1. Answer yes if at least one residue in region 56-69 is touching a strand residue (DSSP E or B) at 6+ places or on another chain (Cβ under 7 Å), surrounded by fewer than 23 Cβ atoms within 10 Å (Cβ to Cβ) and within 20 Å of residue 102 (Cβ to Cβ), and no otherwise.
2. Of all residues in region 28-70, which are within 9 Å of the ligand (Cβ to nearest atom) and among the polar types (S, T, N, Q)?
3. Is it the case, given these coordinates, that residue 94 is closer than 21 Å to residue 342 by Cβ, within 15 Å of the ligand (Cβ to nearest atom), free of Cβ contacts under 8 Å to residues at least 60 places away in the same chain and not in a helix (DSSP H, G or I)?
4. Scan region 281-290 for residues that are surrounded by fewer than 16 Cβ atoms within 10 Å (Cβ to Cβ) and of a type in the set (A, V, I, L, M, F, W, C) and report the count.
5. Could you grab me the full set of residues in region 168-225 that are buried (at least 18 other Cβ atoms within 10 Å of the Cβ), within 16 Å of the ligand (Cβ to nearest atom) and among the aromatic types (Phe, Trp, Tyr)?
6. Please verify whether residue 25 is assigned to a helix (DSSP H, G or I), out of contact with any Pro (no Cβ under 8 Å at 6 or more places or on another chain) and away from the ligand (no atom under 11 Å from the Cβ), treating the condition exactly as stated.
7. If you take the residues in region 120-170 that are in a loop (DSSP other than H, G, I, E, B) and among the aliphatic types (A, V, I, L, M), which one is nearest to residue 262 (Cα to Cα)?
Amino acid sequence: MNSKQKWQVGIVGATGMVGQRLILLLKDHPWFQLSLLAASGRSAGKTYREAAGHRWFMDEPIPETVKDMKLYDGEKDIKAIAGQVDFIFCAVEMDKKALQALEEAYAKAECPVLSNNSAHRWTADVPMIIPELNPDHAQVIPQQQQRLGSVHGFIAVKSNCSLQSYLPALWPLHEKFGLTKALACTYQAISGAGKNFHTWPEMVDNINPLIKGEEEKSEQEPLKIWGKVTPQGILPAAGPSLTSQCLRVPVTDGHMAAVFASFEKKPDIDEIKKIWSDFAGLPQQLKLPSAPQQFLYYFEEEDRPQTRLDRDREKGMGVSIGRLRPDSQYDIKFVCLSHNTLRGAAGGNLLLAELLCQQGYIRQNR
Ligand SMILES: NC(=O)c1ccc[n+]([C@@H]2O[C@H](COP(=O)([O-])OP(=O)(O)OC[C@H]3O[C@@H](n4cnc5c(N)ncnc54)[C@H](OP(=O)(O)O)[C@@H]3O)[C@@H](O)[C@H]2O)c1
């Protein structure tokens, strides 16, 4: 595919932590050409290097093709941006109401929005998709387009990063054994707050017991993902019942979770391991460019997964699981890990974009 045949893509929020990840993921993407960058009015008009060079968090340098791109104003230049790209990724730190209005303005300007933000996660006709789990929720998009009066434009979101380590592991077990309840304690990296140790030195040698709003998201968002598409939008599932505690720990990237789960039908440990190793979703069947080959990987080594060793498995798009065993209070317990800014943010968003392009929801050269 040459660059003219590729989907032309913009990033709104390009200077932030997720935006930076997206820039790197799009560098050699086989389907997508990064053609436009936007951020706040503070950065607009500057080159990317001027606006973000001093706060570039990634290990790789800023790509040469991006350094001198001029930033647009993500709020003021909506029409100009929508006219130049086939869709945008949106990863912006803003007030919820303003962000909802911003994303709807892009959709109404006929620009599909692939969002990392939480603002629209509970809008009934906005699908919240983990591509391996609930790709069918894209079917709600025409309802949203009818409400917004758009033909091509719509908003699709990814879920919160915390649950992306444990919900994929619970998903096929719920299908097979009927999950009744689960408890998850998450140990979340500081990049999840858009920070590193340089910008958040208080986190060195420290654990912070509060991530505001995270426990509510971790407990409630899975119910929308388990929900059904109805003529009134997505109806969240009534159960299973979930509870969580989310802690900020001193690691750069990677959210770990310690999970306890009980089921209607009592599961066999070896059967669970086989279900995980066999599990593949639509992205694997369609061989989407960012799909991990082995989505759920079980470590037999008793001291794995470890954050530093395993967060980058499958280019940060896999979920790593270990320490599965019976529990005295619940049926089973295990530990799992995913990369929060790859699977949990930019990579998950990119995989969603690939899915929606492949399925015809996002068109080229409208
Ligand atoms: N970090 C993660 O692991 C993670 C995971 C999942 C979801 N998210 C979500 O992704 C979003 C971005 O997170 P982040 O960590 O990348 O944040 P961040 O590093 O603080 O970056 C925020 C971005 O928003 C831009 N921005 C701020 N106000 C704006 C405005 N009025 N108009 C247009 N752009 C504006 C900033 O531009 P300037 O540089 O010009 O200020 C910057 O590009 C948030 O909604 C967050 O909750 C983050």
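1. There is no residue in region 56-69 that is touching a strand residue (DSSP E or B) at 6+ places or on another chain (Cβ under 7 Å), surrounded by fewer than 23 Cβ atoms within 10 Å (Cβ to Cβ) and within 20 Å of residue 102 (Cβ to Cβ).
2. Once the filter is applied, which keeps residues that are within 9 Å of the ligand (Cβ to nearest atom) and among the polar types (S, T, N, Q), region 28-70 yields 40, 43.
3. Against the criterion (closer than 21 Å to residue 342 by Cβ, within 15 Å of the ligand (Cβ to nearest atom), free of Cβ contacts under 8 Å to residues at least 60 places away in the same chain and not in a helix (DSSP H, G or I)), residue 94 does not qualify.
4. 1
5. Of everything in region 168-225, just one residue is buried (at least 18 other Cβ atoms within 10 Å of the Cβ), within 16 Å of the ligand (Cβ to nearest atom) and among the aromatic types (Phe, Trp, Tyr), namely 187.
6. When the stated conditions are applied, residue 25 passes them.
7. Out of the qualifying residues, it is 133.
Residue-wise test of (1) within 16 Å of the ligand (Cβ to nearest atom); (2) within 18 Å of the chain's Cα centre (by Cα); (3) buried (at least 21 other Cβ atoms within 10 Å of the Cβ); (4) assigned by TED's automatic domain parsing to the domain that holds residue 13.
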site: 278; (1), (2), (3), (4): no, no, no, no
site: 292; (1), (2), (3), (4): no, yes, yes, no
site: 305; (1), (2), (3), (4): no, no, yes, no
site: 317; (1), (2), (3), (4): yes, yes, yes, no
site: 325; (1), (2), (3), (4): no, no, no, no
site: 329; (1), (2), (3), (4): no, no, no, no
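The values are calculated or read from the model by the stated rules, or taken from the named source; none is laboratory data. This is a predicted model, so every value here is computed, not measured. Cβ: placed from backbone, ideal geometry, glycine included. Neighbour counts: every protein chain shown.
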